[in-house]
Structure formats: structure tokens, C-alpha cells
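Notes for the one structure printed next.
Rule-based calculations on the coordinates, nothing more; no lab input. A quick note: this is a predicted structure, and the numbers were derived from the prediction, not measured. Cβ sites come from the backbone with ideal geometry, for glycine too, and all protein chains shown count toward neighbours.
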Amino acid sequence: MGVFDQSIAVFLAPVKEYLDDPSVTEILINGPAEIWVERKGRLTLTEAKFHDEGALQAAVRNIAQFVKRQIDSQHPQLDARLPDGSRIHAVLPPSARKGTTVAIRKFSKAADLSFERLISFGSISAEGAEFLTLCVTLAKNIIVSGGTGSGKTTFLNLLGGLLPKEERLMVVEDASELQITAPHVVCFETKAADHEGKGALTIRDLVRSAMRLRPDRIVVGEVRGAEALDLITVMNTGHGGSMGTTHANTPTDALVRLETLATMGDTTIPLAALRRQIAGAVHLVVQAKRLHDGSRKITHISEVLGVDEHGRYETQDIFKFVQTGMTEDHKILGEMRGMGNIPTFYEEFAVNGLHFDIAKFGKPQKQKAVAGGHSSGHGAGNSAGHTAGVGTNPQGSGSPSVATGAAAPGVPALSPQAIQAIRAAMAQLNPQQQQSLQQGAAKSGVTVEQYYHLLLEKQKAAKGKKPAA
Ligand SMILES: Nc1ncnc2c1ncn2[C@@H]1O[C@H](COP(=O)(O)OP(=O)(O)OP(=O)(O)O)[C@@H](O)[C@H]1O
Ligand SMILES: [Mg+2]
């Protein structure tokens with residue numbers, strides 16, 4: 001046991017039992033005489049007490065000393081980590097009215113919360129996890145959004161574990177929490193200013209350094225300042241597969257939050273351009289939430305489609321947690337479901353030799369998923385079967401493509417008769433669906449007839465494998 005551990009054991013003796021108890025995830029100290037612990041997402045008041053305010057402050061000072069930070073009347077807040085990686089935040093009185101107030105977020109080993117475990121808790125579905133795994137392989141840019149303590153960092157860590165081993169990863173964090181184990185990973189942590197107020201390194205400084213250090217992908221632990229603009233730039237400039245977390249309650253709110261944060265810096269980018277950059281940079285938003293029953297769930301996996309003519313972000317929910325009921329002891333029942341929306345980049349799976357059964361996206365919903373008050377995604381499927389929904393693609397040219405018969409690699413050449421038949425079938429679709437097809441085709445670089453043909457083929461294959469329920 002190191003010196004730090006020993007002194008922690010002495011100074012934090014009143015809560016040592018909870019530090020050692022693996023079922024406790026958080027310890028909350030509201031002054032010396034009120035200590036709460038969190039187990040399974042629920043808080044309970046304990047009998048534990050510090051001798052007095054002096055003993056509690058001594059413990060906090062001791063921790064500060066070991067991490068070479070200060071906590072005193074000049075610096076009444078502390079952010080630090082215990083030797084086992086647990087995160088601690090403390091505020092001294094008089095700002096903390098009940099006495100020194102501390103939260104200790106226990107360190108959970110990466111192995112403790114694997115995708116398998118999250119699936120077994122019902123935090124995410126197997127399909128949702130599989131989809132995200134493929135999206136990481138395809139180097140999609142992902143933002144994990146959620147409220148405080150909703151599980152954002154935990155989830156980002158899991159996504160980080162999927163990053164390709166041959167790539168150079170730069171991880172930038174405020175205080176190291178992520179445990180991304182890859183052969184080529186470089187980690188940066190922010191640095192507080194010294195007693196003269198000098199030598200500080202912010203997330204923004206470090207993201208800028210990371211960009212100049214030949215990254216393949218950049219991971220920003222938490223985006224909460226003007227570094228949002230840098231991350232967006234990273235994502236838009238060829239470092240696909242970059243990721244970060246941000247505080248927001250819905251996928252569209254996450255984009256609005258990034259926008260707000262990006263404008264906090266010295267940017268002079270017009271808002272409309274910034275919005276387009278954000279919508280172009282972020283491919284997916286994964287929404288984490290701590291539900292009323294204390295459980296933590298991924299509530300949305302949403303694709304960012306673009307910005308509409310009113311400047312609103314358009315997203316389509318690919319997977320979403322749907323509550324179906326509640327048990328007598330107030331446990332929330334429900335499951336993550338495919339929302340019947342096919343991601344606009346679905347073609348990229350096949351092109352890159354990846355397989356994801358189209359049936360897993362679910363049936364088209366009667367009412368489209370609306371994220372942030374604005375509907376998105378248009379089903380273009382026939383009424384009977386699994387979806388042939390095509391997400392709108394604002395970047396698409398929209399101009400009808402002309403069938404030439406010359407096929408792109410992996411795309412079958414269509415006979416004139418086949419083209420005629422497909423055009424007749426397309427004529428039955430509504431204008432919105434037709435537009436969606438054109439946009440999808442433009443994005444995939446194939447003719448609209450080839451695009452529709454491929455969709456129908458996939459739909460047939462999906463139905464063949466798994467009959468619609
Ligand atoms: N799916 C899950 N099921 C159960 N517990 C979870 C789940 N995800 C995270 N946790 C636990 O919840 C706590 C908070 O997780 P995490 O630190 O990832 O949240 P966060 O959203 O990053 O919080 P903050 O906003 O404070 O940064 C941790 O103790 C973590 O082990
Ligand atoms: Mg976090």
C-alpha cells in the first residue's frame with residue numbers, strides 16, 4: 001500500500017467501508033455528519049460520520065496535497081482522483097453551507113461495465129451495440145450526450161475500446177477517467193494554473209496540440225467549452241471516427257449545446273455555416289439517461305441528417321428505448337427498439353464488407369421519431385414489409401440521376417426492362433419518398449434506380465432470413 005493509500009485509509013476512515021464496497025458507486029458527503037451512498041442508482045443515508053468539520057477538511061486537504069492541487073479559502077474547490085482512479089470533487093464552506101461537501105465517484109474497472117453487461121442490464125440492446133460497433137469501424141463521428149452521472153463517460157469508454165488497434169488515438173480529458181487500451185494511444189490531461197496563475201493548459205489547448213500530433217482519431221472526454229469548435233473542426237477535417245461527450249437531454253439538444261459552446265470562443269463563423277458544420281461533422285448522437293428508477297440506459301441512437309431551412313437540426317432515431325410499463329416496485333420496463341429508419345450511410349456497411357441485417361432497424365413507425373421537436377426521416381418503404389425507409393440527406397444533390405446502365409463497383413447493372421419496372425414502382429411512391437430516394441442515391445453515388453433496386457433486394461433478403469413478426 002502506497003503512502004497516499006495509507007493516508008487516505010486514515011483520513012477517509014469513516015467512509016473506507018464504502019470505498020471498499022464494490023456495490024457502492026458513489027459516496028456523497030454533505031458536511032461531516034451526513035453521508036449518503038449510491039447503490040444500483042439509488043441513494044441511501046448512512047450512519048457514518050466524520051468526527052467534525054476539521055477532520056473532514058483535513059482529509060480533503062490531504063488528498064489535494066497528494067495530487068499537487070490546492071484547497072483552501074483562496075481555492076475552495078478541488079477536482080482530484082484517488083489512487084484507485086475514483087474521482088473526487090470537493091467544495092469548502094462557507095459556499096458549502098452544510099460544511100465541506102464531497103462527491104466521490106467510484107472508479108469502475110472497464111471490465112466491470114462491458115457491452116455484454118450493459119446488454120444484460122437492459123441498458124442497450126444487442127442490435128444497438130452491434131450497430132454502434134460497426135459505426136465505429138466505419139469511422140463515424142459520435143457524440144455521447146446525457147445529463148450528469150447518466151453514464152456518458154462509461155459509454156464513451158466502451159466505444160473507445162472498439163477503436164481500430166492500428167490507429168493513433170489522441171485522448172484529451174479534464175481529469176483522466178477513460179481507460180482506452182490500445183497499442184497506440186496518447187493521453188492528455190488539462191493542467192491547472194500555478195499559484196501565479198500561469199501554466200494552465202485547457203482542453204482547447206490540448207485539442208489543438210492533438211491536431212498537430214498526427215492523430216487518426218481524437219477523443220475528447222467531455223466537451224464543455226469553446227473546444228467544441230475544435231472538435232467539430234477535427235471531425236470535419238478527415239479525422240473521422242472522433243468522439244466526445246456533452247451534457248444535453250436529447251440528441252438535438254446535444255447539437256444545440258455544441259453550437260452554443262462553439263460560439264463561446266473567438267469564432268466569427270456565421271451561425272448558419274456553423275450549424276451546417278456541426279450537422280456535417282457529427283454522424284451519430286448516443287443519448288444516455290439516468291431513469292427515475294435509478295437505472296442508466298441508452299435512450300437514443302440517432303443519426304444527424306442535417307439542418308432544415310429554418311436552421312433546425314434534423315435527426316432520425318435509429319434505435320430508441322421504449323418504456324412499456326412499470327413493475328410494482330417502480331422498476332421501469334421497456335426495451336430498445338429499431339425505429340424503422342435506415343441510416344443514410346447504410347450502403348457503407350456492405351461496401352466495407354460489414355453485414356448488418358436490415359431487419360434489425362425495425363418496422364417503420366406509424367409516427368416518426370421526433371427529436372427536439374422536429375420530425376425527420378421519411379419512410380419510403382412499401383406498406384407491407386420491413387422498412388425500406390430512406391433517411392433524408394440534406395447534402396444530397398436532389399437532382400434526378402440518369403440511369404446509364406454502367407454500374408458502380410458492387411452495384412448490379414440493370415437491364416432497360418428492369419429500369420422501366422423500377423421506375424414504374426417508384427412512381428407509386430409519394431413525392432417525399434421519391435425525394436428521399438434521390439438524395440440517398442446521390443449520396444451513395446449510384447443511380448436512383450440502382451439505389452431503389454438495392455434497397456428492395458436488401459428488404460427481400462431481410463424478410464427471407466427473418467419473417468416479419
Ligand atoms: N449502463 C449503466 N448501468 C449501471 N451503471 C452505470 C451504467 N453506466 C454508468 N454507470 C455507472 O454510473 C456512474 C456514472 O457514470 P459516468 O461517470 O459514466 O457518468 P457521466 O455521465 O460521465 O457523469 P458526469 O456527468 O459526472 O461526467 C458510474 O458509477 C458508472 O459506473
Ligand atoms: Mg463523465
Computed lengthening from residue 335 to residue 309, 0.36 nm per intervening residue step minus Cα-Cα distance: 6.0 nm
For the stretch 120-194, rounded, prolate or oblate, judged on the Cα gyration tensor with a ≥ b ≥ c (square roots of eigenvalues), a/c < 1.5 rounded, else prolate if a/b > b/c? oblate
Binned Cα-Cα distance frequencies in the chain - 10 Å width, integer %: 4, 18, 26, 24, 15, 7, 4, 1, 0
For residue 200 and residue 65, what is the calculated FRET efficiency with R₀ set at 25 Å and r taken between the beta-carbons, to the nearest 0.05? 0.80
Percent antiparallel among DSSP beta bridges confined to the stretch 110-361, nearest 5, equals 50 percent
Would you mind putting 153-165, 435-447, 94-106 in packing order, based on average other-beta-carbon counts within 10 Å, highest first? 435-447, 153-165, 94-106
Antiparallel %, DSSP beta bridges [both residues in the chain], to 5: 70 percent
Over the stretch 110-361, what is the mean sequence separation of C-alpha contacts under 8 Å (at least six apart), divided by residue count, expressed as relative contact order in percent? 20 percent
Roughly how far apart, in whole Å, are the Cα centres of the stretch 79-150 and the stretch 203-264? 18 Å
Find the centroid of the Cα atoms in the stretch 265-306 and in the stretch 328-357, then give the distance between the two in whole Å. 18 Å
Filter the cross-link list 16/98; 49/106; 98/289; 297/331; 106/289; 16/106 down to pairs whose alpha-carbon distance in this structure exceeds 23 Å. 98/289
Taking the chain and dividing mean pair separation by its residue count, relative contact order in percent (alpha carbons under 8 Å, at least six apart): 10 percent
FRET efficiency for residue 418 and residue 354 from the Cβ-Cβ distance with R0 = 30 Å, rounded to 0.05, comes out at 0.65
Find the relative contact order for the stretch 3-105 and round it to a whole percent, using C-alpha pairs within less than 8 Å whose residues are 6+ positions apart. 26 percent
For residue 458, give me every one of the lysines with a C-alpha distance below 19 angstrom, ignoring sequence neighbours fewer than eight places off in its own chain. 360, 363, 443, 466
Which value at 222 nm does the chain reach when only helices count, each DSSP H run of 4 or more adding -39,500 (n - 2.57), with the total divided by all residues and rounded to the nearest 500 deg cm²/dmol? -9500 deg cm²/dmol
What is the Cα centroid distance between the stretch 155-174 and the stretch 4-64, reported in whole angstrom? 32 Å
Along the chain, longest interval not containing exposed GluC sites (Glu not before Pro), exposed being DSSP loop plus at most 14 other Cβ atoms within 10 Å: 329-469
